[in-house]
1. Could you run through segment 517-529 and say how many residues are touching a helix residue (DSSP H, G or I) at 6+ places or on another chain (Cβ under 7 Å) and either part of a helix (DSSP H, G or I) or farther than 16 Å from LEU550 by Cα (or both)?
2. Taking segment 190-208 as the region of interest, how many residues are part of a loop (DSSP other than H, G, I, E, B) and either touching a Ser or Thr at 6+ places or on another chain (Cβ under 8 Å) or at pLDDT 95 or above (or both)?
3. It is to be established whether one or more residues within segment 48-63 are in a helix (DSSP H, G or I) and within 23 Å of GLU120 (Cβ to Cβ).
4. Give all pairs with beta carbons closer than 7 Å in which a residue from segment 119-134 that is on the phi > 0 side of the Ramachandran plot and crowded, with 19+ Cβ neighbours inside 10 Å meets a residue that is in a helix (DSSP H, G or I) and not aromatic (Phe, Trp, Tyr); count only pairs at least 6 apart in sequence or on separate chains.
5. Pairs under 7 Å by beta carbon, first residue at positive phi in segment 342-369, partner at pLDDT 90 or above, six or more apart or different chains?
6. Among the residues of segment 85-103, what is the count of those that are over 20 Å from MET432 (Cβ atoms) and hydrophobic (A, V, I, L, M, F, W, C)?
7. Which of the strands (runs of 3 or more DSSP E) contained wholly in segment 257-317 include at least 3 residues that are under 27 Å from GLY365 (Cβ atoms) and not assigned by TED's automatic domain parsing to the domain that holds TYR414?
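The values are calculated or read from the model by the stated rules, or taken from the named source; none is laboratory data. Everything numeric here is computed off the predicted structure, so don't read it as measured data. So basically every Cβ, Gly included, is an ideal-geometry build from the backbone, and we count neighbours across all protein chains shown.
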Amino acid sequence: MKNWGVVVTEYLIRMLRDHGARHIFIGLGALNDPFMSPLSTVDGVGTIVTAFEGGAAYMADGYARASGGIGLCLGIGGPGVLNMTTALAGAKTDRSSVIVISGEVPRSWAGMGGFQDATEAALDDLDVLRPVTGMSLSMSSRQVVPQHVRRAIVHVMSERTPAHLSVPRDVQQAELDAEPRRLPESLLHPRTLDEHALQELIAVLEDPDGQRIVVLAGPGVQQSGATDQLRAFAERFDVPVATTLSGKGTLPETHPLALGVFGYGGSRRAIDTIRSGNVDVLVVVGSGLSQRDTLQWDPAMLPSRTLVQIDSHPTLISRSWPVDLAVVSNPAEVFRRLSTLREAPVLAAGRGARTALLHHVSAGGDARYRTEDTRSEAIPMHPARVVAELRAAFPDDAALCVDSGAHRAWFAEYWDTRQPGTHFSLTNLGPMGGAVPLGIGAKLAQPQRPMLIATGDGCLLMHGMELHTASREQIPVVVAVMNNRSYGNIWFRASKISPRAERLTDIPGIDWVGFARSMGADGERVEQPAQIPAAVARGLAASRPYLLDLIIDKTYPTPVGVWRERQQQWEDND
């Protein structure tokens with residue numbers, strides 16, 4: 001083998017760069033000092049120093065989601081990576097391809113009481129991170145470095161869960177006789193297809209008595225690169241498409257075949273269609289049918305004839321209900337074949353039945369619930385009006401990164417996602433505060449798109465310091481703070497308990513614009529709906545982060561009435 005004489009740290013950076021990690025998000029620390037040189041000298045890699053290691057992991061997650069590749073973060077072992085655990089857990093539950101590297105004490109220190117020793121002989125952060133990643137390994141010698149990094153890359157791209165690699169300081173500085181080489185594309189993006197299951201699916205779709213077909217698309221569609229193929233299938237045969245919240249925008253929500261979101265934060269059109277009892281075949285693709293994706297496991301969503309699930313991961317199939325047909329395949333391959341079927345006379349003839357289903361539901365009212373609220377002139381502002389004004393002020397290709405809280409439901413309902421791959425949210429674990437760093441990472445992956453980060457005042461208390469990161473790096477994002485001076489969702493429940501319980505949810509007045517400016521950003525306070533368009537225009541024109549402090553009323557119930565009804569029924573039947 002040719003002697004390349006490359007240092008381990010440089011090998012790792014080059015290897016991960018060549019697999020799509022063009023930005024590295026890092027919390028500085030002595031145990032990672034040997035990485036400083038390659039981070040400063042390797043071409044094609046941007047290094048983003050974050051305010052907090054948790055922010056680094058969220059940024060890597062956002063970068064992975066928006067790029068479709070690997071998000072890379074770096075922190076010291078022990079306190080550094082332990083600060084990342086919540087963000088990594090969010091990435092795991094949402095199936096995001098994040099690799100975290102941690103610097104560890106030299107091997108000769110292990111278990112000797114050394115400062116920040118987190119080896120298996122001491123704190124053992126490998127064991128701590130295993131539950132929130134899919135793989136946690138120590139690069140215990142230079143000889144295992146190439147194998148371990150290859151294994152981590154294949155793991156995150158195939159399993160869609162994070163991987164953790166711990167690298168002792170003495171191993172970081174060792175030399176390798178190895179050349180960084182990109183892995184075969186067939187290993188990173190396998191085009192697996194179960195031909196027998198596909199033929200069974202075609203038979204289902206060609207059943208003359210089952211032509212009221214609806215697709216429910218989850219995040220696995222975009223993760224597998226199946227967006228265009230699904231759209232081609234839907235358009236060829238006029239098949240309506242609903243999405244889960246995490247799959248929002250897979251089919252642009254302005255498309256005539258788009259039903260919108262089904263489940264938590266769902267649209268009336270999607271919920272009424274799927275729960276109508278008139279769906280013969282429901283094709284679920286890229287969704288594990290979680291609690292929120294099923295309206296609290298509502299059996300009313302089950303089709304009258306056939307439930308189909310398509311996913312590359314068999315463990316995500318039949319988690320909620322037995323399926324009639326499981327297709328364990330890459331969704332892109334399935335819909336590529338379906339969209340190019342040479343003969344599908346029954347499926348083609350079924351357009352009329354599907355069109356009639358859509359017309360019947362559309363006749364029942366607006367596509368969304370309470371659209372009149374989007375025209376409210378109330379002061380403090382109605383959240384629905386705020387979201388409607390923001391959507392109108394941003395271009396079609398804008399990306400939205402939305403935090404966890406009451407504002408998630410408002411944006412789910414009233415923000416049209418007009419292009420695939422432009423809606424980002426920590427939907428399954430739902431940790432508060434992650435949207436600011438998540439949005440920074442996503443913006444770096446899609447720099448050409450305007451980025452709106454929608455968050456709440458309670459969320460901004462948690463990771464608002466990352467505005468400093470975005471300011472220092474001159475990353476232009478617009479941060480919309482839905483400011484109700486409260487932990488809004490919790491206030492709704494506390495208000496039914498007692499005035500003292502309500503006071504626990506208060507967030508006393510904070511000058512968020514002043515805070516943003518102290519971080520090197522800019523912004524303005526907005527109290528009236530008519531002020532929003534001009535404020536957004538100023539934000540989009542800024543070359544640095546721009547914060548909009550949007551003063552809203554907390555007393556309006558979120559537009560998730562069907563969800564609340566189902567939740568109450570579930571609790572009553574327990």
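1. 4
2. Selection size over segment 190-208: 7.
3. yes
4. Listed by first residue and then by second, the contacts come to nothing, as the list is empty.
5. As it stands, the answer is GLY365/ARG268, since those pairs meet every condition given.
6. Selection size over segment 85-103: 3.
7. 258-261, 281-285
Let's see how each residue does on (1) assigned to a helix (DSSP H, G or I); (2) closer than 25 Å to THR422 by Cβ; (3) out of contact with any strand residue (DSSP E or B) (no Cβ under 9 Å at 6 or more places or on another chain):
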{"site": "THR469", "(1), (2), (3)": "yes, yes, no"}
{"site": "PRO476", "(1), (2), (3)": "no, yes, no"}
{"site": "VAL481", "(1), (2), (3)": "no, yes, no"}
{"site": "ILE490", "(1), (2), (3)": "yes, no, yes"}
{"site": "ARG493", "(1), (2), (3)": "yes, no, yes"}
{"site": "ILE497", "(1), (2), (3)": "no, no, yes"}
{"site": "GLU502", "(1), (2), (3)": "yes, no, no"}
{"site": "GLY509", "(1), (2), (3)": "no, no, yes"}
{"site": "PHE515", "(1), (2), (3)": "yes, no, no"}
